[in-house]
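This report refers to the structure that appears directly beneath it.
The values are calculated or read from the model by the stated rules, or taken from the named source; none is laboratory data. Only a predicted model underlies this, so the values are computations on that prediction, with no experimental measurement involved. Here the Cβ positions follow ideal geometry from the backbone for every residue, glycine too, while neighbour counts run over all protein chains shown.
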Amino acid sequence: MSGNGTGPRLLFLFLDGVGLGTDNPMINPFAGAAMPNLRSLLGGQPLVASAAPIESPRATLLPLDACLGVPGAPQSATGQATLLTGRNVPAELGYHYGPKPNPPVAAILRSSNGAHAGNLFQTLRDAGKRSALLNAYPASYFATIESGRRLYSAIPLAVISAGLALKTADDLAAGRALSTDFTGQGWRERLNSPDTPLLAHVESGARLAELAAAYDLAFFEYWLSDYAGHGQDMAVALSLLATFDEVLGGLLAAWDDEAGIILITSDHGNLEDLSVRGHTMNPVPALVIGAPELRRRFTAGLRDLADVTPSILGWLL
Ligand SMILES: [Zn+2]
């Protein structure tokens with residue numbers, strides 16, 4: 001399990017704003033959505049609180065506490081920083097904060113206080129492991145960052161703090177990265193980038209598996225789920241989940257369960273309860289896909305968001 005690139009690999013598929021909610025299709029799109037690929041991992045059940053915990057032939061689902069002992073609804077910056085450092089960031093700060101990191105959260109992600117081990121990407125870099133964020137970022141993103149009009153969110157900040165480059169439009173065009181909507185449609189329509197390659201949903205899932213194979217840790221951030229949760233539109237949410245399920249189908253078909261595991265998890269609840277506009281205090285799913293013996297080792301210590309980085313490092317190092 002050691003050596004550069006020879007150990008088991010991990011694909012971290014991060015879904016922003018996805019909790020485990022009630023099995024009520026009036027408020028929870030996961031209860032009503034036709035998600036055959038996701039349900040196949042859960043013994044036919046939807047991704048709702050009553051489904052967890054479960055161990056099926058191909059996946060294990062556990063609930064993870066996202067509140068971390070701190071009052072109030074969890075937020076993206078502190079939740080993601082916790083996922084990426086193994087530190088209980090809301091408890092250290094005394095509050096949940098987001099969506100973008102404030103200076104204290106940014107300092108934790110950059111490990112600039114020097115008293116702690118680095119973030120997940122830094123630690124893997126120092127151990128000689130290969131990791132990457134597979135999302136492509138358009139030129140306009142880098143321009144607004146440079147001008148100060150945009151702050152990094154937690155995940156890209158952790159990545160660049162490890163000296164890793166964010167993937168670009170060139171990477172997307174060359175098939176070395178994926179667009180946040182998986183298909184490239186958004187780049188064509190909203191980023192004035194009509195030459196962006198267009199992938200079918202199933203193809204983008206296969207691409208995710210193919211790209212992950214080059215790394216010890218491959219990370220993909222999907223934030224449209226949180227966006228849809230704030231939007232509170234059931235039809236939009238159901239359509240988003242149907243799309244995600246097709247991507248998942250492509251990923252599952254291409255993934256070698258003996259060679260590595262896929263972790264699907266989140267920073268806080270939101271999309272699973274469209275009756276409220278903000279985040280929820282529900283647990284988030286830790287859906288771990290792979291061979292049973294690999295999963296058992298990976299999930300042994302998983303209870304809350306702060307356990308994710310230790311589990312990943314225990315797995316990859
Ligand atoms: Zn949000």
From L109, L42, L62, grab the single residue that is surrounded by 17 or more Cβ atoms within 10 Å (Cβ to Cβ), more than 16 Å from the ligand (Cβ to nearest atom) and assigned to a loop (DSSP other than H, G, I, E, B).
L42
Against the definition (surrounded by fewer than 20 Cβ atoms within 10 Å (Cβ to Cβ) and not charged (D, E, K, R)), how does L313 come out, yes or no?
yes
Condition first: assigned to a loop (DSSP other than H, G, I, E, B) and either under 18 Å from V308 (Cα atoms) or under 19 Å from the mean Cα position of the chain (by Cα) (or both). Now tell me which residues in segment 92-106 satisfy that.
H96, Y97, G98, P99, K100, P101
Of all residues being assigned to a loop (DSSP other than H, G, I, E, B) and crowded, with 18+ Cβ neighbours inside 10 Å in segment 193-215, which is modelled with the lowest pLDDT? Just the residue, please.
S193
Inside segment 216-317, counting only strands (runs of 3 or more DSSP E) that do not spill past its ends, which hold 3 or more residues that are more than 20 Å from T123 (Cβ to Cβ) and of a type outside the set (S, T, N, Q)?
284-289
Sole miss for A73 among (1) over 20 Å from D226 (Cβ atoms); (2) under 20 Å from the mean Cα position of the chain (by Cα) is condition (1)
Within the bounds of segment 4-12, is there any residue that is in a loop (DSSP other than H, G, I, E, B) and among the polar types (S, T, N, Q)?
yes
What pairs come up if the first residue lies in segment 221-233 and is within 8 Å of the ligand (Cβ to nearest atom), the second is hydrophobic (A, V, I, L, M, F, W, C) and assigned to a helix (DSSP H, G or I), and their beta carbons are under 6 Å apart, counting only those six or more places apart or on different chains?
none
Residues satisfying the stated conditions in segment 20-43, i.e. of a type outside the set (A, V, I, L, M, F, W, C) and under 21 Å from I261 (Cα atoms)
P36, N37, R39, S40, G43
Checking the structure you have, find out if any residue of segment 76-91 is within 16 Å of the ligand (Cβ to nearest atom), over 18 Å from the mean Cα position of the chain (by Cα) and outside any helix (DSSP H, G or I).
no
